[in-house]
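These notes concern the structure reproduced below.
The values are calculated or read from the model by the stated rules, or taken from the named source; none is laboratory data. This is a predicted model, so every value here is computed, not measured. In this analysis, Cβ positions are derived from the backbone assuming ideal geometry, glycine residues included, and neighbour counts consider all displayed protein chains.
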Amino acid sequence: MHAGPEAPDDRPTRVGVDVGGTFTDLILHDPRSGPRVVKVPTSPAAPEDGVLEAVARGLPPDALHGARAFVHGTTVGLNALLTRTGAVVGLITTDGFRDVLEIRRGDRADPYDLLWPVPAPLVPRRLRIGVRERVLADATVQLPLVDDDVRAALDVFRAERVSAVAICFINGYANPVNELRAAELLRAAGFDGPIALSHQVSGEYREYERTSTTAVDAFVQGVLGGYVSRLDDGLRAAGFGGDALMTCSGGGALTFGEVRARPFETIMSGPVAGVQAAAALGRTLGLRSVITADVGGTSFDTSLIDGGELPLRFAGEIDGMPIQAPWVDVRSIGAGGGSIAHVDAGGLLRVGPRSAGSAPGPACYGRGGTEPTVTDAMALLGMLGAGVLAGGLRLDVAAAESALEPISAQLGQSVEEVARGMLAITAAHMADAIREITVERGEDPREAAIMAFGGAGPLFGTLLADELDVGTVVVPPLAGNFSAWGLLGSDLVRSAARTRVTPLDADGLARVGEIAVELFDGLVAGGAEGVREVRLDMRYVGQEHTLTIELPAAAAGTGLGIALDALADRFGREYERTFGHTMAARVEVVTVRASMRLALADSDDALRAPEGGDATADGTAEAYSFRRGARVPFALHRRENLPAGAEVAGPAIVSEEITTIYLDDGFRLRVDDGGSLIVTGGLPHAAR
């Protein structure tokens, strides 16, 4: 990687591209000329085409050729899982364990829904084949693999046109010898499709989760591998000669080559970049707690950032399928600018999760859309200001009104009442998602600031502040492409984990240190470099679940760099903080997690306050005020005319190239030195 120290006048030019369900966002970070942003419609059938179009439209001729890094965030893998459009996967597992994917954990996503439908397993039962082999948890091989069983499984797979194979043996994480032998037999017999081995995918126990992750990896290898290959070819043909990277579900980034080998790590690549950017900006602004509100055309993504740190977990779930991988905790719902409204069988107005996407898009875009979307409601209510959006798109308010008229007739309400209802419902759904990551976990959203970004996030900022009694909303610079900016701050991260249930005593700590060294040695052998980080999953003996404890920076050669008493004390304090008490019981380490982080060049100077301007309004326009319950004059401002220190009082609409800020009555915004808009004026319920 080209990641050495940069001289002040030789900072690298980088490109970040985030693919959403409706728009593809690009940002060029050139330290000499400042940031350049582009927003183009996403190409759902071939997302790489939208990326390459954004590159062609948005970059000067020599910018791509001179760029040091191209950092990408995408939902290609996620969409493949959600739509089940990946490979035909066959699973080879230990005899007696073929139904692990079907048995699951015996719980329900909704415990109160007695008719809750169990998600279908990614691999149907006829393609799950048990073979004779057995490795014990202590890595002892009790039964070597029976080769003929693997050959028989391959005969079944060929008859069923299986295109990828997942191999997951019981305790394969402890000793992979049988998994390696099975892969060797498949290759020797002529199978040339992707093979996912569980010990390479996850070094952790929990058979169901590890099997699911291995199946997911096999399922998306072809889709993501083909996608990054086509994109890489297109970039190289356009003259790009730098490093092509993709963000991971747990933050950081992998090279395109590593994505082909470990695609399961990038399933949540898209939503994570915005959280990375929000965490960095929150630290700069000195905010203790930040709630992200990333609103695009298709979805609303939210996360709680405490103390400037990413909310990192080590397991996630997509459509009922667990994935064992580092995972930034982002909650996503189908609520965005393209979300379509309808009247349900009970006569109630509903919004989403179905979206108009980029084709045909909202009716007001004039691209053939006829169904009523949230953006149409905003256009009708005058919330989009002068009515000119990204790329010079001029809104067709008459088309928006026509799209809402059928619902108006069904409900017996005016078109404006329907538009207000659509926005109130959408904001309530978003607020409920935020409560799930705050109130339901013992966190008070009123103590946080909302950071609103994405194409439609700043339009919902003050609505969410009133829904949640939040006093501060931050609209970052380049808000419409803020997730793309977050890509530029990605570090190169490689990680590995290994489960070894070990008592927390002197001998156990020494063994844990040895495991950490082994994990780091494996990462270095794979080309990783950078700062070493160690985390331990720990629990009291007899418990099922663990807490993850982050250790101080590990010293090379020692693995841990922490004393026994200090580690026990750190676990006790975290346990008390989480559960309110500690226990008089022995402690054990369950899983050792190692990662290596190599920082790319800092991108903070991509965000800066506009220069010049006098904050004078460009006139007024009638728009609906939710606080006043009526249409009132809103002052119209251009963001580039708001220098650092400028203040604007609502009602006002602030427009910029790639987003619009809706400032309801009673709110005020101030432009800070870095270009962020700090919005205050949230009212408690008693004052409304």
Pairs only if they're at least six apart or on different chains, beta carbon under 9 angstrom, first in segment 460-473 and on the phi > 0 side of the Ramachandran plot, second among the basic types (Lys, Arg); list them, first residue then second. Asp469/Arg446
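Hydrophobic (A, V, I, L, M, F, W, C), crowded, with 24+ Cβ neighbours inside 10 Å and over 21 Å from Pro353 (Cβ atoms): does that describe Leu393? Reasoning before the result, please.
On the way: hydrophobic (A, V, I, L, M, F, W, C): yes; crowded, with 24+ Cβ neighbours inside 10 Å: no; over 21 Å from Pro353 (Cβ atoms): yes.
So Leu393 does not fit the description; no.
Would you confirm whether any residue within segment 180-189 is outside the structural domain of Val131 (by TED's automatic domain parsing), basic (Lys, Arg) and under 28 Å from Ala497 (Cα atoms)? Explain how you work it out, then say what you get.
As a first pass, look at segment 180-189 and keep what is outside the structural domain of Val131 (by TED's automatic domain parsing): none.
No: segment 180-189 contains no residue that is outside the structural domain of Val131 (by TED's automatic domain parsing), basic (Lys, Arg) and under 28 Å from Ala497 (Cα atoms).
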Filter pass, Leu487 being crowded, with 21+ Cβ neighbours inside 10 Å and either under 29 Å from the mean Cα position of the chain (by Cα) or not assigned by TED's automatic domain parsing to the domain that holds Arg593 (or both): yes
Filter segment 217-243 for residues that are farther than 30 Å from Leu122 by Cα and in contact with a strand residue (DSSP E or B) (Cβ under 8 Å, 6 or more places away or on another chain); which is surrounded by the most Cβ atoms within 10 Å (Cβ to Cβ)? Leu235
Condition test on Arg498, is it crowded, with 20+ Cβ neighbours inside 10 Å and within 30 Å of Arg532 (Cα to Cα)? yes
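State yes or no: is Ala277 in contact (Cβ under 8 Å) with a residue 12 or more places away in the chain, over 30 Å from Thr499 (Cβ atoms), touching a helix residue (DSSP H, G or I) at 6+ places or on another chain (Cβ under 6 Å) and not β-branched (Val, Ile, Thr)?
Details: in contact (Cβ under 8 Å) with a residue 12 or more places away in the chain: yes; over 30 Å from Thr499 (Cβ atoms): yes; touching a helix residue (DSSP H, G or I) at 6+ places or on another chain (Cβ under 6 Å): yes; not β-branched (Val, Ile, Thr): yes.
Judged against the criteria, Ala277 is a match.
Could you list all residues from segment 300-350 that are among the β-branched types (Val, Ile, Thr) and touching a residue at least 60 places away in the same chain (Cβ under 8 Å)? Before the answer, list the steps.
Filtering segment 300-350 down to residues among the β-branched types (Val, Ile, Thr) leaves 302, 305, 318, 323, 328, 330, 333, 340, 343.
Selection gives Thr302, Ile318, Ile323, Val328, Val330, Ile333, Val343.
Taking segment 471-481 on its own, how many of its residues are surrounded by fewer than 22 Cβ atoms within 10 Å (Cβ to Cβ) and assigned to a loop (DSSP other than H, G, I, E, B)?
As a first pass, look at segment 471-481 and keep what is surrounded by fewer than 22 Cβ atoms within 10 Å (Cβ to Cβ): 471-472.
Imposing the further condition that a residue be assigned to a loop (DSSP other than H, G, I, E, B) reduces the set to 471.
Result for segment 471-481: 1.
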Among residues of segment 343-358, those that are in a loop (DSSP other than H, G, I, E, B) and over 30 Å from Lys39 (Cα atoms), counted: 5
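Hey, among the residues in segment 195-205 that are farther than 18 Å from Gly226 by Cβ and small (Gly, Ala, Ser), which one's surrounded by the most Cβ atoms within 10 Å (Cβ to Cβ)? If you could, list the steps in order and put the result at the bottom.
Residues of segment 195-205 farther than 18 Å from Gly226 by Cβ: 197-205.
In the following step, the residues that additionally are small (Gly, Ala, Ser) were identified as 198, 202-203.
Details: Ser198: 27, Ser202: 29, Gly203: 25.
My answer is Ser202.
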Which condition breaks for Asp192 when tested against (1) free of Cβ contacts under 8 Å to residues at least 12 places away in the same chain; (2) buried (at least 18 other Cβ atoms within 10 Å of the Cβ)? (2)
Residue count for segment 500-539, restricted to those that are within 29 Å of the chain's Cα centre (by Cα), part of a helix (DSSP H, G or I) and in contact (Cβ under 8 Å) with a residue 40 or more places away in the chain: 5
When you scan segment 260-275, do you find a residue that is surrounded by fewer than 24 Cβ atoms within 10 Å (Cβ to Cβ) and in contact with a Ser or Thr (Cβ under 9 Å, 6 or more places away or on another chain), even just one? yes
Do we find a residue being under 17 Å from Glu405 (Cα atoms), assigned to a helix (DSSP H, G or I), touching a residue at least 40 places away in the same chain (Cβ under 8 Å) and of a type in the set (S, T, N, Q) anywhere in segment 362-383? yes
Take the conditions surrounded by 15 or more Cβ atoms within 10 Å (Cβ to Cβ) and over 28 Å from the mean Cα position of the chain (by Cα) and apply them to Val150. Does it pass? yes
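Residues that are more than 30 Å from Val223 (Cα to Cα): which strands (runs of 3 or more DSSP E) entirely in segment 89-147 hold 1 or more of them?
Details: elements: 89-94, 128-131, 141-143.
So the answer is 141-143.
Within segment 204-248, count every residue that is small (Gly, Ala, Ser) and part of a helix (DSSP H, G or I).
Step one: of segment 204-248, the residues small (Gly, Ala, Ser) are 212, 215, 218, 222, 225-226, 229, 234, 237-239, 241-242, 244.
Pick out the ones that are also part of a helix (DSSP H, G or I) and you get 212, 215, 218, 222, 225-226, 229, 234, 237.
Summing the residues that are small (Gly, Ala, Ser) and part of a helix (DSSP H, G or I) in segment 204-248 gives 9.
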The number of residues in segment 150-185 that are in a helix (DSSP H, G or I), touching a helix residue (DSSP H, G or I) at 6+ places or on another chain (Cβ under 9 Å) and closer than 12 Å to Ile129 by Cβ is 7
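Every residue, every condition in (1) surrounded by 21 or more Cβ atoms within 10 Å (Cβ to Cβ); (2) under 21 Å from Ala244 (Cα atoms); (3) assigned by TED's automatic domain parsing to the domain that holds Leu186; (4) touching a Ser or Thr at 6+ places or on another chain (Cβ under 6 Å), yes or no:
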position: Asp30; (1), (2), (3), (4): no, yes, no, yes
position: Val38; (1), (2), (3), (4): yes, yes, no, no
position: Glu48; (1), (2), (3), (4): yes, yes, no, no
position: Gly66; (1), (2), (3), (4): no, yes, no, yes
position: Val76; (1), (2), (3), (4): yes, yes, no, no
position: Arg108; (1), (2), (3), (4): no, no, yes, no
position: Trp116; (1), (2), (3), (4): no, no, yes, no
When you scan segment 619-688 for strands (runs of 3 or more DSSP E) that lie fully inside it, which ones turn up with 1 or more residues that are surrounded by fewer than 17 Cβ atoms within 10 Å (Cβ to Cβ) and in contact with a strand residue (DSSP E or B) (Cβ under 9 Å, 6 or more places away or on another chain)? 620-625, 630-638, 647-649, 668-671, 677-680
With respect to the numbered conditions (1) assigned to a helix (DSSP H, G or I); (2) under 30 Å from the mean Cα position of the chain (by Cα); (3) touching a residue at least 24 places away in the same chain (Cβ under 8 Å), which one is the sole condition not fulfilled by Glu440? (3)
